[in-house]
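The numbers here are math on the coordinates, done by the rules we state, and not lab data. A quick note: this is a predicted structure, and the numbers were derived from the prediction, not measured. Note that we place each Cβ from the backbone using ideal geometry, even for glycine, and neighbour counts take in every protein chain shown.
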Amino acid sequence: MSEPQVSQALVPMDVAGRSERVRAAAAEAECDALLVANLVNVRYLTGFTGSAGLVWLGADELVLVTDRRYAEQAESETNRAGVEIRIEITNDAPKEILAAAATGAGRIGLEAASVSWATQRQYAEWFSAELVPTTGVVEQSRQIKDDGELDRMAKAAAIADAALAEVRPMLADGPSEKEVALSLDTAFRRRGAETSAFTTIVAAGPNAALPHIRPTERPIGSGELVIVDMGAVVDGYRSDMTRTMAVGEPDHEAKRVFETVRDAQQLGVEQVAPGTPISDVDKACRNRIEADGWGDAFVHGTGHGVGLDIHEQPWVRATATEPLEVGQVITVEPGIYLPGFCGARVEDTVVVTEDGARRLTHSPKTLAVA
Ligand code: ZN
Ligand code: ZN
């Protein structure tokens, strides 16, 4: 295969600097230490990608606890990330390790969304300190991407653009939704992506009216709108893009649905700038769709943050009145869904920059497949 591969030369990330920021956020939540159980947050803080691990973020130390399967990997990945960390390997419950680390801590923050009831009860026995439920302490810091993170996301987006350019003409051959999705997934991998960022969505005709349907065996018919929602992963970082296409000429109303969504999406992206309330992006998209009479058919939020997770903070919706910040990466993805008939969605991944916004996804927004 001679497809261009994603460059191995990735811009370095400042992984080591993340602990300090998260420590400050934990202090703001009045915690002396944070016990990190969410594996994506573990990766963010340490570079460790194993499937089992806990991070203790104390006042002046960082500890990664994992089991023997990951002893070597933990060492090499945290080294490569340039993170100063103590690694503890145990195949038993890490009671002694954590209790010793917690000496002197008065309040320990737990990640409320990642700790089960059973685990919380266990911790209550292990620790004499007060346990504090926290939300979004690490996620808050993850919102602002450094140049290394943006480089990975841009490469993931470029892979998706190239994959769609390759697969797009195939739609004219009447393939099933599943066949198109498989071709995209394969094209991602051949270009050097680790994997797809999520289950690739290919939804045509009436299926396109179901925003998150999985691809089916149904062949794509002439004149139908086809929603393709896809992303790739490069070194853990994800891209997210949706395009709506059609084989042949869709009927008049379907075409108007598409044009409204495309224009609404453009208006939303134009709102993206530092200091602008996030809700303004949602409002710009929604106003346009409402003006064309399809307000009730735009059934989801306008977008979300992207990074190590496909859906992360911030959420782009009417209630998000906080201002956009430089370094945030969000999607803008309005849609119209008309049950039994058709659907359209257009989505770009956009970085908030000093002077406004920069799109990472560049595939053309035209209906024609070739
Ligand atoms: Zn998407
Ligand atoms: Zn999305």
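Structure data summary
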quantity: Cα-based convex hull, the range 286-337, per residue volume (Å³, whole number); calculated: 81 Å³
quantity: Per residue, the convex hull volume that the Cα atoms of the range 171-320 enclose (Å³); calculated: 116 Å³
quantity: Estimated D of the range 328-370 in µm² per second, where Rh is the Kirkwood radius over Cα pairs and Stokes-Einstein applies at 20 °C, 1.002 mPa s; calculated: 174 µm²/s
quantity: Contact order relative to length of the range 26-117, as percent, for alpha carbon pairs under 8 angstrom and 6 or more apart; calculated: 34 percent
quantity: Helix axis angle, 177-190 relative to the chain longest principal axis, alpha carbon, degrees; calculated: 50 degrees
quantity: Contact order normalised by residue count of the chain, Cα under 8 Å, 6+ apart, percent; calculated: 15 percent
quantity: Approximate spin-label separation Val11-Thr276, in nm, with each point projected 7 Å along Cα-to-Cβ; calculated: 2.2 nm
quantity: Over the range 1-129, equivalent-ellipsoid semi-axes from the Cα gyration tensor in Å; calculated: 29, 17, 13
quantity: Cα long-axis angle, helix 117-126 against the chain (0 to 90 degrees, to the nearest 10); calculated: 20 degrees
quantity: Sequence of His304, His362, His212 once ranked by neighbouring C-beta atoms within 10 Å, starting from the fewest; calculated: His212, His362, His304
quantity: Label-zone membership for the range 41-70, site Arg86, 7 angstrom Cα→C-beta point, backbone N under 19 Å; calculated: 45-48, 53-68
quantity: For the range 98-139: relative contact order, % (alpha-carbon pairs under 8 angstrom, 6 or more apart); calculated: 55 percent
quantity: Rounded to 10°, Cα long-axis angle of helix 71-80 versus longest principal axis of the chain; calculated: 70 degrees
quantity: Distance histogram in 10 Å bins (all Cα pairs of the range 22-72, percent per bin); calculated: 26, 54, 18, 3
quantity: Two-decimal ratio, the chain, of alpha-carbon radius of gyration to 2.2 N^0.38 Å; calculated: 1.08
quantity: Antiparallel %, DSSP beta bridges [both residues in the chain], to 5; calculated: 75 percent
quantity: Percent of C-alpha pairs per 5 Å bin, the range 6-47, short to long; calculated: 6, 19, 24, 23, 13, 6, 5, 3, 1
quantity: Most fluctuating residue given options Leu150, Leu324, Leu54, as computed from a GNM of the chain linking Cα atoms under 10 Å; calculated: Leu54
quantity: Entries in Lys145/Lys178; Lys145/Lys255; Lys145/Lys365; Lys178/Lys255; Lys155/Lys255; Lys95/Lys155 that, when Cα-Cα distance is taken, lie over 30 Å; calculated: Lys145/Lys178; Lys145/Lys255; Lys155/Lys255; Lys95/Lys155
quantity: Order of Met153, Met230 - criterion: other Cβ atoms within 10 Å of each residue's Cβ, fewest first; calculated: Met153, Met230
quantity: Computed [θ] at 222 nm, deg cm²/dmol, the chain (DSSP H ≥ 4; -39,500 (n - 2.57); rounded to nearest 500); calculated: -10000 deg cm²/dmol
quantity: Ala172 paired with Asp67, simple spin-label distance in nm, labels 7 Å along Cα-to-beta-carbon; calculated: 5.4 nm
